[in-house]
Structures are given as structure tokens and as C-alpha cells.
Ligand code: IVH
């Protein structure tokens, strides 16, 4: 069969071919993995995979949900189809005490500019299960999915259909034509005990706690197995909707109940901080008797219009928070203190413990944070220690049972050199980010093998380059053999492998298919969005959100690197421009300067860029009246707060600056505006009142 070269494919042809390849490869996978009866040679299979990867690399926008490149390494029979959530499934920020709750309410008040106005909230038990999304069209359940990473989950429709708590058809009336209902799948205590007892009697796998049991039961390939598990459901939120159906969270919960969903009976509507804390106290008191696990209380701003105005920061909404119950504790023996080196060289002591069950989970490791913490608590090897676990947080050592200390023990001597082969000196660094913290850091930077490995791990991780098939084990082994030393090497791996006599496929644990899959996965990421590229670099303080801000701010990799070079070279104007981006502060500027000023870092980035096609960031909204404009707010605003005005302007594609310069396009001046207004008038910049600004953005 003659094939059109990938470079000559039109978009439509590419889409058609990707569909065909997905089906063809799925059929081959089925025969290979499930029937053990492949009908093509490995070489032919690999050629199909490579062509698929090449087309995807040229047309990244056409990558299919069921693309063969997404199934790398795993037998497809063991995975669910990916489901992209139309509205991301967010997670929640945590509050641990009353002060955190007060802060939460204060932040909301400030953001909305509410002064003394009472704020209504719902307070809902935080069910300790796993969240699920249920899409209803014309009242019929058409798709059910897990949360996944919040953006993409797994299609578990058949499994969710087996839950009797989940209506197949919505009851009552008034539901939107299309509505995605969200809630928690969980298993109650009694049912969990019975299920484990039965499993034990049958010699089958038992689960550590109801949450694991719920997750394991929902993600069964065979829905008939799920059907036999005692899964329950509570609805508490929604995603995509074709029409609004309530004005408040409390009203929404009532509607969900009308339509046939179980809604937690302990969810209440209350006013202000005291109301929230009262519900918390009540639930903490009754917690053991509820019959299912809850790990805290979720507070949500009741008014949905306010929820909308508050929006989200990164992956958490501003309008909700989880007030967690105190952590569970247990005592055990500290066997050893290991020193681990993180991506940025921080030395973290890790406690190796005699295994102990804390809150239903077996704990073997706990963090000890840093040298000072060990000294302050005088934690010694051999001590009986108190271990604590709260939710998803890494277990911690809270203290030592001194009366149980074995005779002759010595205080722990924190190493003064990095445990890496370089044995580099360790510096003590004091940072003041809120509370003062001390970090021992290996000064070897990317010369330290531990940091290099951590850096590579970060680079291939899900939120960065997302290269499947390059897990920790593979990375470490390729690193130790000198095949992978830095990110750029990943993209030359296949080419080098063709020339090497000892092929990757001949290495232990590898095989022709898995290596081909790995190469295809790498190829598929050769084209990468700018934000992921920036995040993947692993510069300190540049998390996902900051990387996105930088990507949008600079647009292209060329502009980004030029700006970073300028900042590193001490160019003030470049630093000011960086500082002007939303949420970029001193810490990022310092980190950027030190990262890009290091010639070996810069060279590493250069080698990487040469391997990639970095896709420009989506230009900020360009179809609004203020898109691309630089706006300065000054003086008092009356209809919205400064934070809100800024967030809105940025949503509409404007850049918000702190000071007025020649680059400013619009100054929005409220009562009390002073020098900025004066400068604006002098420079002949357009000045608007708040009212005029709102008309402008509304019209846009
Ligand atoms: S609301 C943006 N309400 O907690 C709001 N979540 O830590 C997102 N959860 O992923 C969730 N009970 O799995 C909400 N009443 C409740 C909840 C609840 C349990 C879980 C849920 C979510 C996690 C966030």
C-alpha cells in the first residue's frame, strides 16, 4: 500500500487516518494482549505506531481520546477510555483550624468587597470516597466518569450504572437538557466490614479502608464485579449544565434531591464563621456514628453568582474550602533516618518506621521536614515516635515518647555533605515564606546526580511532558547507564538506539513492544505547548499556574527565552516586565535569574529546545474590547474589589499593571485617585470611571 508522506497530509486526511490507525492498532492490541494471537509482526506493528505518532506530532490538535499513543505500555483491556471533563473537577483547599476558616471568610469578604454583610454558606460533610461525574442528557444517564486528574477522567459508565443510588433517569421536572451531576462514591462501614470478611473467607484480596475499597470496586474492568460491591453515592455538585437551575448551593442540593439523588442529610445552610464552626463541632462529635467515613466539612459560598465572581485560583475554587478533622495518630519505632535529595537540592530527612496502621492505612515512611525539626523534637533512631496522618498529606512525626527511649541513644547527626557521589557541601538556607523555614541544600545543583534524577522525573511527569513509559525505574536505570542525563537526551534516545549495538529492547525488563511504545510516547511529546515546556524546566517557584502565566505573557518560546536571558543578565526593564505579570513576584524573579544565569542550565535548555517544536501559547482573548490592552486601576472602586477587577480584566485578555507608563492603554480611576491619574493625564492616556470601564467590558 502506498502511503502519503505525513508532511503532505491535509488536516482532514490526517484526522481520517488517525481514526483508522486507532481502530487498527486497538484490534492488534486486542489480539496481542488478550488473545495471545497477533496477526502482524512486531516490525509492522511498530511502523503503524510510528506513523500514528508522526501524524499526532504534526497535528497535535487531532490527538484522539482513544489514541494508541495514550495507551502506552498498558494492556488496553485493563484501562478505561479517557473522558475529558468539560468543566474541570477541582479539588479543595484545606482549613485546619478556626483561624484558617476566619481567613477563608475574610478573603471572600475582601474579594467581593462585602464589609459587614453576612455571608451564607452551606456546610456539607466531606465524604471520604472518590468523586464521580454523571452526565445526563434529556434526563437520561449517558456517561459516568471518575475524576482522574481533574481534567481527564476514566469512562466508568457501565460500573456507575450498577449503583442503585444513581438514577438512570432523572425524576421530577425542571432539570436542564444537559447536566453533569457530581458527587462522591463511597462504601458505608457495615457493608465494608461484611465485604472484607467475605473476601477474607474466600481467600480474596481485602481492602485497607472503605475509601480504597470504593475506588477499587468502581474501577473494575468487569462491571459485574462492581455490581456486587456495596457502593453508595451522595450528590453535592455539578459540572457542565445547559441552563442554570438554582440560585444558591442549598437550592441546588434540594433540586438534586428532587431529581432522585441522595443528598447528605447533614448538609446545612449557615451564616458566617460561627455558623460554620457550629456545624463542624456537631459533625466532629457525631462522626463515629454516621456509618460512613467523613474526613472534614466542606464549606461553600451559598450564592452561586458569588461563586461565579470568586472563581478559582489554579486548581482550587476561592468559594469553597475543606475544614479537615484532626489527624489520626499512632506510635511506632523509628528504624532509620534516610536523607533524600529533592529536585532543587533540598535534603529531606525521611523516617523509616516499623509498619503501623494509622487511620486505616499502613505507614512505613514519614517526613521529618529538615534538620532543625529533628533537633527541636530530638528525634533519634530507635525512638518510639508518634506518627500522624491527615487526609492525603504525607505522614508526619509529631513527637517522641521520651520515656521509651532506649539507653545509649545519640542525637541524630545531620549530614554536612550531600549523600550524592559528589559529596558536595550542604548550605543552610533560611527562607521566610510565612513562617521561617530552614533548608539544607546540596550546592551541586544539576551536577548532583540525585537532583538530576529528580529533575528528569519532574520533566517526564504527568503535568509536565507527560511521557508514559518512563517511570522512575526506567529513568534511574537509563540514567545510571549514561543513556539519559538531561531532558534533551530523551528526544535523541530513539536515534541513538538505532546506532547502538546494545539496543534498549535487549535490556532487562524491556521488550520490542514496550520500547516502541516508549519511542512513540516520546515522539508524541516532541511538539509541546509552551506552558508545559516552561513547567517542565523545573525552575524553582515555577509551578503549573506560574508557567501558564509566563506562557501567556510571552507567547512564544523565543520571546520567553529572550526575556529570561535578559532578566538573568540584569536587564531591569525585562525584570519589570516579568514582575508585571499576574502573580509573579520576587521569588520567581530571583529563581529565574539564578537558573538562567547558570550557563550549564541555559545550555541544557538550549539543547532541549533544539529537539522540540514548542507551540505558542494561546493568545489571550482577542475578541473583547479590552484584549491586549494594558490597564491600571487606581483610586477606590465601588462596584467591585481590586482583586475582582483585575481577575475580570485578565479573563478578557487585558494586562493589568501596577503603575502607569507609556505602555498603559487605559487607567480606570475611582474616587481618591492621585499620582497615577496625574501621570495618565500628562501622558495623554485614556482615563475611564469605573462605570465607563464596566460598560466597555460589558459591550465587549
Ligand atoms: S465539592 C469545587 N463537596 O473532596 C468543589 N467535595 O478535596 C469540589 N468531597 O474531590 C468538590 N464531599 O471528592 C465537595 N460535599 C462535598 C464533598 C466533596 C467530599 C471530596 C471530593 C473532592 C474532594 C476535594
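For region 92-122, give me each residue that is in contact with a strand residue (DSSP E or B) (Cβ under 6 Å, 6 or more places away or on another chain) and under 26 Å from residue 151 (Cα atoms).
92, 93, 94, 95, 104, 122
Using the structure shown, decide if residue 607 is farther than 27 Å from residue 534 by Cα and under 32 Å from the mean Cα position of the chain (by Cα).
no
Would you mind stating whether residue 387 is farther than 30 Å from residue 604 by Cα, part of a loop (DSSP other than H, G, I, E, B), under 34 Å from the mean Cα position of the chain (by Cα) and modelled with pLDDT of 85 or more?
Considered against the rule, which asks whether it is farther than 30 Å from residue 604 by Cα, part of a loop (DSSP other than H, G, I, E, B), under 34 Å from the mean Cα position of the chain (by Cα) and modelled with pLDDT of 85 or more, residue 387 comes out as no.
Say whether the condition of being in a strand (DSSP E or B) and buried (at least 17 other Cβ atoms within 10 Å of the Cβ) is met by at least one residue in region 221-233.
Yes - at least one qualifying residue is present in region 221-233.
Output the number of residues of region 101-110 satisfying the condition of being in contact (Cβ under 8 Å) with a residue 24 or more places away in the chain and more than 16 Å from the ligand (Cβ to nearest atom).
The total comes to 3.
Has region 125-142 got any residue that is over 30 Å from residue 172 (Cβ atoms), free of Cβ contacts under 8 Å to residues at least 60 places away in the same chain and away from the ligand (no atom under 16 Å from the Cβ)?
Scanning region 125-142 turns up no residue that is over 30 Å from residue 172 (Cβ atoms), free of Cβ contacts under 8 Å to residues at least 60 places away in the same chain and away from the ligand (no atom under 16 Å from the Cβ).
Tally the residues that are assigned to a loop (DSSP other than H, G, I, E, B) and either surrounded by fewer than 17 Cβ atoms within 10 Å (Cβ to Cβ) or within 40 Å of the chain's Cα centre (by Cα) (or both), restricting the search to region 674-700.
4
Before we move on, is residue 354 touching a strand residue (DSSP E or B) at 6+ places or on another chain (Cβ under 9 Å) and surrounded by fewer than 18 Cβ atoms within 10 Å (Cβ to Cβ)?
Answer is yes for this residue.
List pairs: first residue in region 74-91 and in a loop (DSSP other than H, G, I, E, B), second residue away from the ligand (no atom under 16 Å from the Cβ) and at pLDDT below 90 anywhere in the structure, Cβ distance under 7 angstrom, at least six positions apart or on different chains.
Final answer for the pair search is 75/33; 79/71; 81/65; 81/66.
Among the residues that make up region 309-328, is at least one of them away from the ligand (no atom under 16 Å from the Cβ) and within 30 Å of residue 191 (Cα to Cα)?
Yes; the residues of region 309-328 include at least one that is away from the ligand (no atom under 16 Å from the Cβ) and within 30 Å of residue 191 (Cα to Cα).
May I ask you to say which residue of 256, 276 is over 23 Å from residue 130 (Cα atoms), surrounded by 20 or more Cβ atoms within 10 Å (Cβ to Cβ) and within 16 Å of the ligand (Cβ to nearest atom)?
Testing whether each residue is over 23 Å from residue 130 (Cα atoms), surrounded by 20 or more Cβ atoms within 10 Å (Cβ to Cβ) and within 16 Å of the ligand (Cβ to nearest atom) leaves just 276.
If we keep just the residues of region 192-211 that are assigned to a helix (DSSP H, G or I) and in contact with a strand residue (DSSP E or B) (Cβ under 8 Å, 6 or more places away or on another chain), which is nearest to the ligand (Cβ to nearest atom)?
211
Please enumerate the residues belonging to region 212-241 that are under 14 Å from residue 187 (Cα atoms), in contact with a helix residue (DSSP H, G or I) (Cβ under 6 Å, 6 or more places away or on another chain) and within 14 Å of the ligand (Cβ to nearest atom).
Listed by number, the list holds a single entry, 218.
Tally the residues that are without any contact (Cβ under 8 Å) to a residue 60 or more places away in the chain and out of contact with any strand residue (DSSP E or B) (no Cβ under 7 Å at 6 or more places or on another chain), restricting the search to region 145-164.
1
What do you reckon, is residue 295 at pLDDT below 95, assigned to a strand (DSSP E or B) and within 14 Å of the ligand (Cβ to nearest atom)?
Yes; evaluated as a whole, the condition is true for this residue.
The values are calculated or read from the model by the stated rules, or taken from the named source; none is laboratory data. Everything quoted here is computed from the prediction, not taken from an experiment. Note: ideal-geometry Cβ built from the backbone for every residue, glycine included; neighbour counts use all protein chains shown.
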